[in-house]
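Report on one structure; see the data block that follows.
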Amino acid sequence: MAQLSNGHLLNAIQDKFGNAILGAEEPNGLLTLNINPEKLLELVRFLYNHEEFRFQFLTDICGAHFPDQKGAELASIYHLHSLENNMRIRIKCFLSADHPFVDSLTPVFSAANWQERETFDFYGIIFNGHPNLKRILNVDEMDYHPLRKEYPLEDQTRTDKNDSYFGR
Amino acid sequence: MGKISKPMSSPIITQAPPGLQGEGFFATSLDKAVGLARANSIWPLPFATSCCGIEFMATMAANYDMARFGSERLSFSPRQADLLMVMGTIAKKMGPVVRQVYLQMAEPRWVIAVGACASSGGIFDTYSVLQGIDKVVPVDVYVPGCPPRPEQILDGITKIQELVKNESLRRRNSPEYQALMASYGIQ
Amino acid sequence: MEENRILAEDKKEYTTLNLGPTHPATHGIFQNVLTMDGEIIVDSEQTVGYIHRAFEKIAEHRPYYQITPLTDRLNYCSSPINNMGWHMTVEKLLGVQTPKRVDYMRVIIMELARIADHLVCNSVIGVDTGALTGFTYVFQWREKIYDIYESICGARLTTNIGRIGGMERDFTPEVIASIRSFLKEFPAVFDEFCRLLERNRIFMDRIVGTGAISAERALNYGFTGPNLRAAGVDYDVRVMNPYSSYQDFDFIIPVGTNGDTYDRFMVRQEEIRQSLRIIEQALNNLPEGKFFADVPEFFLPPKEEVYNNMEALIWHFKIVMGETDVPVGEVYHSVEGGNGELGYYLISDGGRAPFRLHFRRPCFIYYQAFPEMIKGSTLSDAIVVMSSMNVIAGELDA
């Protein structure tokens, strides 16, 4: 089978989704799309069901926080893998911190379940249609989303630490 | 008949406490006799959470063979355990569980914190990790290392054995012990 | 739980059984709340996160070379694979080409790690079915692998082995000799282990057919590694996207058919044999040359040069103080870890620490399928299914 090229894939997606694609680049040869969050589920379904592309393996979901991008502070990032073509694609949805809603991929991939819960736990991104969106790694009582950049790494309850030893 | 100064010779593996010995008898204080028995039959409860747990498996296995110290009988039920071995990172989510397990153990009970994480949080000075299990339960012996080698874990066990041998049977009634328990809010 | 209420309507008496977070039968700390009809599991709910250590947050605050010790503690049964996966990710970001010798040395160590990982998993399946002998037997040989690690890097379990750009030192003749003696002596021991379990009637009765999952469901659940291959999908990162010169070696990817516990066990057994083959090939063809790539900004110069050479001193200082800037970029790299596709997704904003580092932890992703796999089976089967999935708590909770 001929190797599927990024250009061909991008053309097919652009034909179908047009202006929902907000940007496309290829860092290290991996096609990276920035798409309108409202079209995410539709795009993933398209890639999943397409007879040639067959992106039927969800590698990874993760979040990211870009505090400097006003109005698009949060990102939900997906890596899909087409095992038959041995090709990966990265899809990014940028969301505003005030309105962090994106569709859940659980109707397509069972694997999305916990990964979305993790992303919710870390970044507070709300996945519409997720069957059980609650914290997974942190305690339920936690009232913030710890991986956002404004929250500190260190344990704030620690009493034995003298900052002067650490040059702070 | 007189006081013996050197330990009894073989076949007894462990050192006998000082006592009076004669034809067909050996007399020592009850504390010492019980301490001797306890020290060589510690039932550990392995509370293995992460990397140190794998080193504990190596300690249990044939090469390092913890059975040599009388501790091969793991007691997964806290009720029958003498020694709580906390091995690995304890997250804040896990902290109450450690405490619960400790509370379920019957006196006398000892705790050993194996590895940097259990002792102090280790490299994980983060929002989610308990900075040392001594925040929730009293600890008798700390074993450093990330993870400690099996030899170090065994050394920790022998340190516990020393404690067990030399502690009063009435430890739980001593004011110091009660003050310690009270400082952790344990009655 | 909504489902339970519906179940309760059919007038059966269900028992709720709490398994974990600390339980002798769960290796690692997970909580499973099982709804049981007699001994049959009707439903279960998992709670994880009991050892969440915030690796990803720590990584945002550490220079690149200090992230290697964090990766150690993900899947601690095969930490060298994690270390090298991270090194390769950074090398990919920097655009560094490593010499062949580095690749081969890495392959040798990674395959040793795979053997160590699979030995733990398979011997623990034995323990959970009541066969402790295999465990105590192969653990002696796992110690030999630890000895090899120790002579390479000085550590046993959390190895921090290698550096960005290569290995911190070359293999000494003693290391080569000890790997050779391992290759010579281990197969006989392993054969005995196989004879103990592989065709053991009791063992087979216990695990054949339990916890089966179809290839479709496994893929949908994002399974990778031996668990996916046991279901019959021949996806292996080493072959699909070769890294570290894996394309140079001749080895077979074993696949199962049913995706049950026995297949998972057998796939791991066969992978151990294949790993031995790879190590042998790599050792026989180990190229001469440098054991590090030309990346002075990441690879520590030799100590004598640091003392005598200004430039080396500056590099040394910059590396140790974590003051090397990295290019802006975004990279995903994956390696075949002990449990499957271990991915590193790195966003760099040009700073000294990653802007965002996400680990694709195979355990975390496939453990989701556990409720589906144990539904309708007995409690004792569920325990074995869990150990055969080789769920490592440290990796799961990150």
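Solvent-accessible surface of protein heavy atoms, probed at 1.4 angstrom with all chains present, puts B:MET181, B:MET60, C:MET321 in the order C:MET321, B:MET60, B:MET181, largest first.
Annotation: the antiparallel percentage among DSSP beta bridges lying fully within the protein assembly as shown is about 75. Net charge around C:SER78, counting only other residues with Cβ within less than 14 Å of its Cβ (Lys, Arg = +1; Asp, Glu = -1)? Net of charged neighbours comes to +1.
Accessible area per residue for the protein assembly as shown, computed on protein heavy atoms with a 1.4 Å probe, is 40 Å².
Could you tell me which helices of chain B pass both thresholds, a Cα extent of 18 Å or more along their own axis and a mean Kyte-Doolittle hydropathy of at least -0.5, with helices taken as whole DSSP H runs?
Values: long enough: B:150-166 (24 Å, -0.36).
Once both thresholds are applied, what remains is B:150-166.
Which of the peptides C:343-355, C:66-78, C:197-209 is most tightly packed, and how do the rest follow, going by the mean number of other Cβ atoms within 10 Å of each residue? Can you show the working numbers first?
Numbers: C:343-355: 19.7, C:66-78: 24.7, C:197-209: 15.4.
With the highest mean Cβ count within 10 Å placed first, the list reads C:66-78, C:343-355, C:197-209.
Determine, at each q value in 0.13, 0.14, 0.16, 0.26 (inverse angstroms), the log₁₀ of I(q)/I(0) that the Debye formula gives when each Cα of the range C:281-375 is one equal point scatterer. Taken in order of the listed q values, log10 I(q)/I(0) reads -0.75, -0.82, -0.93, -1.17. Computed packing ranks the peptides A:19-27, C:91-99, C:49-57 as C:49-57, C:91-99, A:19-27, most packed first, by mean other Cβ atoms within 10 Å.
By the scheme Lys and Arg +1, Asp and Glu -1, what is the net charge of all other residues having a beta-carbon under 14 Å from that of C:CYS121? Every neighbour counted, the sum reads -1. The alpha-carbon of A:LYS16 sits under 24 angstrom from the alpha-carbons of these lysines, leaving out residues fewer than 8 places away in its chain: A:LYS39, A:LYS92. For a Förster distance of 56 Å, can you work out the FRET efficiency between the beta-carbons of B:ARG68 and A:ARG54, rounded to the nearest 0.05? For B:ARG68 and A:ARG54, the calculated efficiency is 0.45. In this simple spin-label approximation, B:GLU162 and C:VAL33 carry label points 7 Å from Cα along the Cα→Cβ vector, and these lie 4.6 nm apart. Label-to-label distance, A:TYR165 versus B:ASN173, with points set 7 angstrom from Cα along the beta-carbon direction: 4.1 nm. A Förster distance of 56 Å, applied to the separation of the beta-carbon atoms of C:ASP349 and C:ARG201, puts the FRET efficiency at 0.40.
Note on chain C: dipole from Cβ charges, positive end direction compared against C:PHE135, C:PHE182, C:GLN66; the farthest Cα belongs to C:PHE182. Which shape class, rounded, prolate or oblate, goes with chain A when its Cα gyration tensor gives a ≥ b ≥ c as root eigenvalues, a/c under 1.5 marks rounded, and past that a/b bigger than b/c marks prolate? Cα axes put chain A in the prolate bin.
Note on the range C:201-245: dipole from Cβ charges, positive end direction compared against C:MET204, C:LEU219, C:VAL239; the farthest Cα belongs to C:MET204.
Ranked by the mean number of other Cβ atoms within 10 Å of their residues, highest first, the peptides A:57-67, C:279-289 fall in the order A:57-67, C:279-289.
Residue by residue through B:118-126, how many Cβ atoms from other chains fall within 10 Å of the Cβ on average? Write out the running numbers ahead of the final one.
Values: counts 0, 0, 2, 4, 2, 9, 10, 8, 12.
Partner Cβ neighbours, averaged per residue: 5.
Using a Gaussian network model of chain B in which every pair of alpha carbons under 10 angstrom is joined by a spring, one finds that among B:GLY156, B:GLY22, B:GLY35 the greatest mean-square fluctuation is at B:GLY22. Taken along the Cα-to-beta-carbon direction at a fixed 7 Å, the label points for A:GLU26 and A:GLN14 span 1.2 nm. With respect to chain C, whose longest principal axis is taken over its alpha-carbon atoms, helix C:100-128 is tilted by about 20°.
If you place +1 on the Cβ of every Lys and Arg, -1 on the Cβ of every Asp and Glu, and leave all else neutral, what size is the dipole of the range C:55-397 about its Cα centre, to the nearest 20 Debye? Kindly include the intermediate steps, with their values, before the conclusion.
Details: 34 positive and 45 negative charges, 86 e Å.
Once rounded to the nearest 20, the dipole reads 420 debye.
Given R₀ = 22 Å, FRET efficiency for A:GLU141-C:ASN18 by Cβ-Cβ distance, to 0.05? Could the numbers behind the result be given before it?
On the way: r = 20 Å, r/R0 = 0.91.
E between A:GLU141 and C:ASN18, to the nearest 0.05, is 0.65.
Which of the residue pairs A:LYS134/C:LYS57; A:LYS149/B:LYS92; C:LYS144/C:LYS375 have a Cα-Cα distance greater than 30 Å in the structure shown?
With Cα atoms farther than 30 Å apart: C:LYS144/C:LYS375.
In this assembly, the A-C interface accounts for approximately 3500 Å² of buried accessible surface in total, computed with a 1.4 Å probe and without ligands, DNA or RNA. Against the main long axis of the alpha-carbon atoms of chain C, helix C:173-197 sits at an angle near 10°. Rounded to the nearest 20, the Cβ-based charge dipole of the protein assembly as shown about its Cα centre (Lys and Arg +1, Asp and Glu -1) stands at 1680 debye.
With the helix formula -39500 (n - 2.57) applied to DSSP H stretches of n ≥ 4, the protein assembly as shown reaches a computed 222 nm mean residue ellipticity of -12000 deg cm²/dmol.
Of all DSSP beta bridges in chain B, what percent run antiparallel (nearest 5)?
Values: 6 of 19 bridges.
Around 30 percent of the beta bridges assigned by DSSP in chain B are antiparallel ones.
Note down the net charge around C:VAL175, summing +1 for each Lys or Arg and -1 for each Asp or Glu among other residues with Cβ under 12 Å from its Cβ. Mind dumping the intermediate values first?
Details: positive: C:ARG169, C:ARG180; negative: C:ASP147, C:GLU150, C:ASP170, C:GLU174.
Charge balance in the 12 Å sphere: -2.
The contact between chain B and chain C removes approximately 2700 Å² from the accessible area (both sides summed; 1.4 Å probe; ligands, DNA and RNA excluded). Averaged over the residues of peptide A:53-65, the number of Cβ atoms from other protein chains lying within 10 Å of each residue's Cβ is 5.
Across peptide B:86-96, the average count of Cβ atoms from other chains found within 10 Å of a residue's Cβ is 6.
The values are calculated or read from the model by the stated rules, or taken from the named source; none is laboratory data. Bear in mind the structure is a predicted one, so any value in this text is a computation, not a measurement. Note that we place each Cβ from the backbone using ideal geometry, even for glycine, and neighbour counts take in every protein chain shown. Ligands, DNA and RNA are stripped out before the accessible areas are found, and what is left, the full protein with its side chains, is counted by its heavy atoms. Shrake-Rupley method; radii C 1.70, N 1.55, O 1.52, S 1.80 Å.
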